[in-house]
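**Student:** Take a look at this one; I'll ask things after.
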Amino acid sequence: MKKDYLKENISSLKGIGDKTQKVFEKCGVSTISDLLFYYPREYEKFDEIIDVADIKTGDIVTLKCAVIGSVVVRHVRNLSILTFEAADKTGRIKVTYFNMPFLRNTFKSGKFYIFRGTARKKGNIIELDQPKIYKEEEYQMLKGSLQPKYPLVKGLTNNAVIKAAKQAMMYTAYLDEYLSKEQLQSLDVMDYSKAVRHIHFPENNDDLMRARKRLAFDEFFEFILRVRLMKSDEDKSVNIYKINDSTVAEDLIHRLPFNLTGKQLDIWDDIKCDLMGEHVMNRLIQGDVGSGKTIVAFLALLMTASNGYQGAIMAPTEVLAKQHYDGFCEMIKEYDLPLRPVLLTGSVTGKAKREAQQLIAEGYYNLIVGTNALIQDKVEYQNLALVITDEQHRFGVRQRERFAGKGQETHVLAMSATPIPRTLAIILYGDLHISILDEMPSGRIPIKNCVVGTEYRPTAYKFIRDEVAKGRQAYVICPMVEEGELDGVENVQDYSEKLRAALPDTINVGMLHGKMKTSEKDEIMQDFADNKIQVLVSTTVIEVGINVPNATVMMIENAERFGLSQLHQLRGRVGRGSHQSYCIFLNTSEKDEAKKRLETMNNSNDGFVIAEEDLKQRGPGDLFGVRQSGEMNFKVADIYTDADYLKKASVFADEILQKDPELNSPDNALIRSFLEDRRSNTVDFNTL
């Protein structure tokens, strides 16, 4: 069979021995099929060599310059900084390398070199940090090409992946096409096997765009089919947990020291109607950061427990789960509520874990808070009537389905702080009734925003230093984990060292990124929450899962590389306390469109307004921006850039299911096979 070839181990490829095979396995790549679906993170385009006078800051440029003067190496704490000047006939630049003192012997004064890197401006000086060096003939061979750059782990080089991927391309002949020729034409998408080849090794930019659009369509189509099939089952579900008495929850509303907003009360009414209705509840609360989703969820859990059932809430991180648990415990104690809470996460082990599981199974605990530990096989519930997923976009359809499956005909309430335009939300959350919480509680202090260039960086450091001196804390966001992952963007590892050198020793600078173990990430986030770390340099992993009211500064490097909605999510990490908060968007590009997009962030704190602007402004040119971290777990697709193909996939899925609701027809055998194959091809690059 064709598929047997795709299941071959990558060790069958030339050059992959035991050691290399084990490194590939760390990336989730064991078979030929895995390798075919291990897509590049970005592509390096090698343009013409330009003059210094033609440089636009923020662009990746290639220059041919001679070294002038001396090559100087100095040390700041644990950081070595090598600098020199270089020039062509039109102007001068400053070149800097960090922690590479051995290069001092490479550069000779008066000799020409080809430098490639991101141009930055500091005052009147143009700088290149960590530029790559090429020989003349080497660069001429690369010129005009698009070279794939893959997600990497320690011990795996980009060249090793390229060599393996080139060999794997012959296996694309065994990939099944589930679309007919007529469907390919009407949907305006590329042939499947051709798309897989071109996503790895595009011949030109147009081929790359078409390949990416096809694979984005497939991701949307799979997701929508699964959601529609799940909804079809749930529409038949009868409510066996009729939760009729809301007295305890209503009493709490009147005792709270604040008034619920009109929108919170409307959504609470919807939830009560769902819980008391004929069919199982499947509802999404989509609300901006700080709009008050959690208190509404707590009321639903309270109503469930006061009627004699169990309710559970699942968060994406241990820190967020613990924050929910602590907050709930305070309210239970203060208002003497009939809730018996328990926290169940991965760090709960041994005797404590066994006791918690036993008391959950016996029905003693009626409010269970945790992470995906709640859906492990050994966790059994006595009468689980309500499950809540916090930060819905962090959980896939199958995870939510498994959570709901822990009970019998269980009510589902999902919450998301990611504002998505309603037109797209209806498609993406097609299995859920959507409640929009777009009214903010009174008393919140609006965040002050500013969009600045790289020349503002020293001033920003001073501002952070001053805020820390007042007892506050700050986040600094970098797009990448380490040097070399994306050209022209800041990375957490180098930036942490630079920041430690720029700030006083009394300020503890922490580092956080997705390549760390979960336990390590949780420990760092907890240290930040406890103010043991004053400045946290992080990738977008802090987008959800940490609530630190004491943090008042959010500084985002390479802000132009992010989608507007993701910038808004990051900004939402501050402004949670009683102090004035600030967000600094650092724009490293001189392009007018980048400035225009970021001005949207400068002018609005409304996530729904920003989401609509994101949908209007994003286009194919944003392909190489920083991917919307974690959204719907798509590998290629972006709901903003690819909105047209999201709509196409939705219409196509509905047409298929209208004729064949269960996909039982022989005509849809290839679509059934497609769904089955996709289950094993879900590498999440955000964790690498």
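**Student:** Is it true that Thr418 is within 27 Å of the chain's Cα centre (by Cα), more than 27 Å from Leu252 (Cα to Cα) and among the hydroxyl-bearing types (Ser, Thr, Tyr)?
**Tutor:** Judged against the criteria, Thr418 is a match.
**Student:** Something else about it: Among the residues of region 605-640 satisfying the criterion of being modelled with pLDDT under 70 and within 15 Å of Arg571 (Cα to Cα), which is surrounded by the most Cβ atoms within 10 Å (Cβ to Cβ)?
**Tutor:** Result: Gln628.
**Student:** Among the residues in region 659-672, are any buried (at least 17 other Cβ atoms within 10 Å of the Cβ) and within 27 Å of the chain's Cα centre (by Cα)?
**Tutor:** Looking for residues that are buried (at least 17 other Cβ atoms within 10 Å of the Cβ) and within 27 Å of the chain's Cα centre (by Cα), one finds none in region 659-672, hence no.
**Student:** So in region 366-388, with the set limited to residues that are in a loop (DSSP other than H, G, I, E, B) and of a type in the set (S, T, N, Q), which one is modelled with the lowest pLDDT?
**Tutor:** Gln376
**Student:** Turning to a different aspect of this structure: Considering only region 151-162, state which residues are over 13 Å from Arg41 (Cβ atoms) and surrounded by fewer than 16 Cβ atoms within 10 Å (Cβ to Cβ).
**Tutor:** Lys154, Gly155, Thr157, Asn159
**Student:** Where in region 21-119 are there strands (runs of 3 or more DSSP E), lying wholly inside it, with at least 3 residues that are of a type outside the set (D, E, K, R), under 35 Å from the mean Cα position of the chain (by Cα) and in the same structural domain as Ser496 (by TED's automatic domain parsing)?
**Tutor:** none
**Student:** Further question: Say we look at region 497-539 and pick out the residues that are at pLDDT below 85 and of a type in the set (Ser, Thr, Tyr); which of these is farthest from Thr317 (Cα to Cα)?
**Tutor:** Among those residues, the one meeting the criterion is Ser519.
To keep it simple, each residue is scored yes or no on (1) within 30 Å of Thr90 (Cβ to Cβ); (2) free of Cβ contacts under 8 Å to residues at least 24 places away in the same chain; (3) among the β-branched types (Val, Ile, Thr).
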| residue | (1), (2), (3) |
| --- | --- |
| Leu6 | no, no, no |
| Val29 | no, no, yes |
| Ile32 | no, no, yes |
| Arg41 | no, no, no |
| Ile49 | yes, no, yes |
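**Student:** Inside region 11-20, can you point out the residues that are under 22 Å from Gln147 (Cα atoms) and in a helix (DSSP H, G or I)?
**Tutor:** Thr20 - this is the single residue of region 11-20 that is under 22 Å from Gln147 (Cα atoms) and in a helix (DSSP H, G or I).
**Student:** I've got another one for you. Test Glu593 against the criterion of being at pLDDT below 85, in a helix (DSSP H, G or I) and surrounded by fewer than 24 Cβ atoms within 10 Å (Cβ to Cβ), and give yes or no.
**Tutor:** Against the criterion (at pLDDT below 85, in a helix (DSSP H, G or I) and surrounded by fewer than 24 Cβ atoms within 10 Å (Cβ to Cβ)), Glu593 qualifies.
The values are calculated or read from the model by the stated rules, or taken from the named source; none is laboratory data. Just so we're clear, the structure is a prediction, and the values are computed from it rather than from any experiment. No Cβ is skipped: glycine too gets one built from the backbone with ideal geometry, and neighbour counts run over all protein chains shown.
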